[in-house]
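Engineer: Let me give you the structure first, and then I'll get to my questions.
The values are calculated or read from the model by the stated rules, or taken from the named source; none is laboratory data. Keep in mind the model is a prediction, meaning the values are calculated, not measured. Note: ideal-geometry Cβ built from the backbone for every residue, glycine included; neighbour counts use all protein chains shown.
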Amino acid sequence: MSNALKLSVPDGQPFIDFTREFDFPVAAVFEAHRDPALVAQWLGPNGMKMEIDHYDFRTGGSYKYTHSDGSGKYGFTGVFHTVRENEFALQTFEFDGYPDIVAMDYMRFEPLEGNRCRLVGHSVYPTQEARDGMAASGMEQGMSEGYVRLETLLGDR
């Protein structure tokens, strides 16, 4: 795949960086992050059902959703601290399975030539152990699968 997820998990640092390019304009990729009906169709690993309690992608908004499969339910919550249209989002991210471990996630939506977009993310964890746990959780596979579904979703619109 030409638009593969690039994940960086540097040794000894409590953060994870990623980049992912999309063959769609910034506005389309941003909208797919804002609209809960769209988010429910692509976010997370394959084989998971997503139920959204609430999802308010704006400065001061918050979210709560659950992924489920035959193995169980996995809840996630957070607050959108800053959202700038078609440009930037800063949010907290907390997995119910690890309470009190809150990551700060930064996302930049960068326009590229040819009406394309690059999504650049930086996730900071409170401890090295928390970062290592997230990196080992299947995060890369889940993100990769979700972004493939996002591209398919945008292509179908």
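Engineer: Could you check how many residues of segment 71-92 are under 23 Å from Asp56 (Cβ atoms) and out of contact with any helix residue (DSSP H, G or I) (no Cβ under 9 Å at 6 or more places or on another chain)?
Structural biologist: Going through segment 71-92, the residues under 23 Å from Asp56 (Cβ atoms) turn out to be 73-92.
Still in the list and also out of contact with any helix residue (DSSP H, G or I) (no Cβ under 9 Å at 6 or more places or on another chain): 73-82, 84, 88, 90-92.
Matching residues across segment 71-92 total 15.
Engineer: Turning to a different aspect of this structure: Wholly within segment 67-157, which strands (runs of 3 or more DSSP E) include no fewer than the required count, namely at least 2 residues that are more than 24 Å from Gln41 (Cβ to Cβ) and of a type in the set (A, V, I, L, M, F, W, C)?
Structural biologist: On the way: elements: 72-84, 88-95, 102-112, 116-124.
The strands (runs of 3 or more DSSP E) meeting that bar are 102-112.
Engineer: Limited to segment 69-104, what total is found for residues that are under 18 Å from Glu129 (Cβ atoms) and crowded, with 16+ Cβ neighbours inside 10 Å?
Structural biologist: Matching residues across segment 69-104 total 7.
Engineer: Could you go through segment 15-22 and let me know if any residue there is of a type in the set (Val, Ile, Thr), in a strand (DSSP E or B) and under 13 Å from the mean Cα position of the chain (by Cα).
Structural biologist: Start the filter on segment 15-22 by keeping residues that are of a type in the set (Val, Ile, Thr), which leaves 16, 19.
Next, only the ones that are in a strand (DSSP E or B) stay: 16, 19.
Subset that is under 13 Å from the mean Cα position of the chain (by Cα): 16, 19.
Within segment 15-22, one or more residues are of a type in the set (Val, Ile, Thr), in a strand (DSSP E or B) and under 13 Å from the mean Cα position of the chain (by Cα).
Engineer: While we're looking at this one, here's another question. Of the conditions (1) closer than 18 Å to Thr152 by Cα; (2) touching a residue at least 40 places away in the same chain (Cβ under 8 Å), Ala40 clears all except one; give me its number.
Structural biologist: It is condition (2) that Ala40 fails.
Engineer: Sticking with this one: For the structure I just gave you, tell me whether Met107 is in contact with a strand residue (DSSP E or B) (Cβ under 8 Å, 6 or more places away or on another chain), surrounded by 17 or more Cβ atoms within 10 Å (Cβ to Cβ) and at pLDDT below 95. Give the steps one after another, and end with the answer.
Structural biologist: Working: in contact with a strand residue (DSSP E or B) (Cβ under 8 Å, 6 or more places away or on another chain): yes; surrounded by 17 or more Cβ atoms within 10 Å (Cβ to Cβ): yes; at pLDDT below 95: no.
The answer is no for Met107.
Engineer: Within the group Ala135, Ala89, Ala40, which residue is of a type outside the set (D, E, K, R), modelled with pLDDT under 95 and under 24 Å from Asn3 (Cβ atoms)? Quick ask: steps written out before the conclusion?
Structural biologist: Working: Ala89 fails: modelled with pLDDT under 95; Ala40 fails: modelled with pLDDT under 95.
After ruling out the rest, the residue left standing is Ala135.
Engineer: Does Thr127 count as more than 19 Å from Arg20 (Cα to Cα) and touching a residue at least 60 places away in the same chain (Cβ under 8 Å)?
Structural biologist: yes
Engineer: Would you pick out the residues in segment 94-125 that are under 20 Å from Gln13 (Cα atoms) and small (Gly, Ala, Ser)?
Structural biologist: From segment 94-125, those under 20 Å from Gln13 (Cα atoms) are 94, 98, 100-107, 120-125; that's our starting set.
Result: Ala103, Gly121, Ser123.
Engineer: Looking at Ala103, Ala32, which is the one that is touching a Ser or Thr at 6+ places or on another chain (Cβ under 9 Å) and either aliphatic (A, V, I, L, M) or in contact (Cβ under 8 Å) with a residue 40 or more places away in the chain (or both)? First the steps, then the outcome.
Structural biologist: On the way: Ala32 fails: touching a Ser or Thr at 6+ places or on another chain (Cβ under 9 Å).
The match here is Ala103.
Engineer: May I pose another question? Is there any pair with a first residue in segment 51-65 that is in contact (Cβ under 8 Å) with a residue 60 or more places away in the chain and a second that is surrounded by 14 or more Cβ atoms within 10 Å (Cβ to Cβ) and in a strand (DSSP E or B) whose Cβ atoms are under 9 Å apart and which are 6 or more apart or on different chains, and what are they?
Structural biologist: none
Engineer: Across segment 2-29, what is the total count of residues that are without any contact (Cβ under 8 Å) to a residue 40 or more places away in the chain and under 21 Å from Gln128 (Cα atoms)?
Structural biologist: At the first step, the residues of segment 2-29 found to be without any contact (Cβ under 8 Å) to a residue 40 or more places away in the chain are 2, 6, 8, 10-11.
Then keep just the ones that are under 21 Å from Gln128 (Cα atoms); that gives 6, 8, 10-11.
Residues meeting the conditions: 4.
Engineer: Shifting gears a bit: Could you list, in sequence order, the residues of segment 106-144 that are among the polar types (S, T, N, Q) and closer than 24 Å to Phe80 by Cβ? Break it down into steps so the answer makes sense when it comes.
Structural biologist: Filtering segment 106-144 for residues among the polar types (S, T, N, Q) gives 115, 123, 127-128, 137, 141, 144.
Those that are among the polar types (S, T, N, Q) and closer than 24 Å to Phe80 by Cβ: Ser123, Thr127, Ser137, Ser144.
Engineer: Checking Arg116 against (1) under 16 Å from Phe93 (Cβ atoms); (2) surrounded by fewer than 18 Cβ atoms within 10 Å (Cβ to Cβ); (3) not aromatic (Phe, Trp, Tyr), only one condition comes out false. Which one?
Structural biologist: (1)
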